[in-house]
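Below: one structure, written as structure tokens.
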DNA sequence: TAATTTATGTCAGCTCATGACAGATGACAA
DNA sequence: TTGTCATCTGTCATGAGCTGACATAAATTA
């Protein structure tokens, strides 16, 4: 990789870190682009060459998470039932973050805390999640052998995502706490859902061993 | 009601209608506050005395909906299981909108279409919904005889809300179409959930007529 | 009608965000 | 090494969203 690209990556990371730190210490609205740019020693105009908006930089770790989750899901074996594949993707993502370079994990946790404590960012994060949800639905539909407009596929993704959101609701101290709450919610969800609810109709569990 | 209050209400409604029409015809971002104010013949400054932001006016019908829904839920008899109470509140709200003055219903449908076609407004709407979700959880928790931090209560609300969101995903032509899709999704949900999943643990259905 | 409260308009100012242009810097071939 | 090219960066100008301060106009109350 050339010097140019490395420099760009460093500037980008520096902008994210500076922004997150300023946002968390003095508040999102109270922080100006000028302050972020000054801390990284670039012009305010340059900030906007890296991020489309002030919101963009705050949500960039969340956007990365979404990409990561989708990538995990696509990589899951097709033999897994849809809801299982979703759950496992989340577990995989969490453990990757835990193993990975501390800088990235730190950004994710910081962004999580920031988003959760700033209403306008919460809205932005929800928008990202909703947009990714469409892609998740496409993947789940593929696994269920249906088109993306299949309501049951949409419901499967929707229920899973709502669990993820609940998970983010509590206070985020670190990744382990997040993982713990996630497992707890998953147990509750499985207790509330009918076995096989996420399977394609062809493979649905027979109600009382009666042939259809 | 005095003349002053009536005038204020008329100005407010006029601002909402002007904004929605402009947003829908030429796009949300492409519309300026000046244009909205000019159409109602007030100063731009006055606009901000009625609405905190450009987003606020676009989401005001959605915010009203949220208030309305919560009011319906609180009015539901305590004898109803939580998820039933939620479903019935939605039905009640839809039929009230259908009966009510056409202006309000028109605003709701317009806002729906607008929000669905404007990413930033989608985020804003999600924020409103999430904020109301906290109050819905409190009410559901009360009905289940738990505190608001009870995870199962949160799950009940979360699943219901995710159905509502799915409902809004499709194209919104009118209120009847919305109601139809809602019923369809509700049927699917009930088919996916275990009977009694939303009941307090004390009243949970026994798995096979075995006394606990 | 007079006094008080409240809504509105005007103005100045800040931040966010974008286009245009010029200068600086890394990439690459002769 | 040097010159050329592509790309990144800074400066400037501009417009839109939003807010505080103050004066004016309108409605309420006495």
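Some points to look at:
- Listed here are the helices (runs of 4 or more DSSP H) enclosed by the range B:1-70 that have at least 2 residues being farther than 25 Å from residue B:100 by Cα and more than 11 Å from DNA strand C (Cβ to nearest atom): B:3-26, B:33-40.
- Residue count for the range A:144-156, restricted to those that are more than 9 Å from chain B (Cβ to nearest Cβ) and surrounded by 20 or more Cβ atoms within 10 Å (Cβ to Cβ): 2
- Exclusive hit being surrounded by 17 or more Cβ atoms within 10 Å (Cβ to Cβ), over 26 Å from residue A:189 (Cβ atoms) and not assigned by TED's automatic domain parsing to the domain that holds residue A:18, set A:87, A:60: A:60
- Taking (1) at negative phi; (2) within 13 Å of DNA strand D (Cβ to nearest atom) in turn, residue B:83 satisfies each apart from (2).
- Top-ranked residue of the range A:1-26 - restricted to ones that are away from DNA strand D (no atom under 14 Å from the Cβ) and over 11 Å from residue A:107 (Cα atoms), ranked as surrounded by the fewest Cβ atoms within 10 Å (Cβ to Cβ): A:25
- Of residues in the range B:124-139 being free of Cβ contacts under 8 Å to residues at least 60 places away in the same chain and over 14 Å from the mean Cα position of the chain (by Cα), the one nearest to the other protein chains (Cβ to nearest Cβ): B:137
- As a summary of the residue check, residue A:162 satisfies the conditions (1) more than 9 Å from chain B (Cβ to nearest Cβ); (2) under 20 Å from residue A:194 (Cα atoms) except for the one numbered (1).
- Residue count for the range A:71-88, restricted to those that are out of contact with any strand residue (DSSP E or B) (no Cβ under 9 Å at 6 or more places or on another chain) and assigned to a helix (DSSP H, G or I): 11.
- Of the candidates B:44, B:82, the single residue that is farther than 22 Å from residue B:106 by Cβ and assigned by TED's automatic domain parsing to the domain that holds residue B:164 is B:82.
- Condition check for residue B:178: within 13 Å of the chain's Cα centre (by Cα) and assigned to a helix (DSSP H, G or I): yes
- Qualifying positions in the range A:42-57 - more than 6 Å from DNA strand D (Cβ to nearest atom) and surrounded by fewer than 17 Cβ atoms within 10 Å (Cβ to Cβ): A:44, A:48, A:52, A:53, A:56
- Total residues in the range B:165-192, condition touching a residue at least 40 places away in the same chain (Cβ under 8 Å) and within 11 Å of chain A (Cβ to nearest Cβ): 3
- Flag for residue B:121 being within 14 Å of chain A (Cβ to nearest Cβ) and buried (at least 22 other Cβ atoms within 10 Å of the Cβ): yes
The values are calculated or read from the model by the stated rules, or taken from the named source; none is laboratory data. Source: prediction; values computed, not measured. Neighbour counts run over all protein chains shown; Cβ positions are idealised from the backbone, glycine included.
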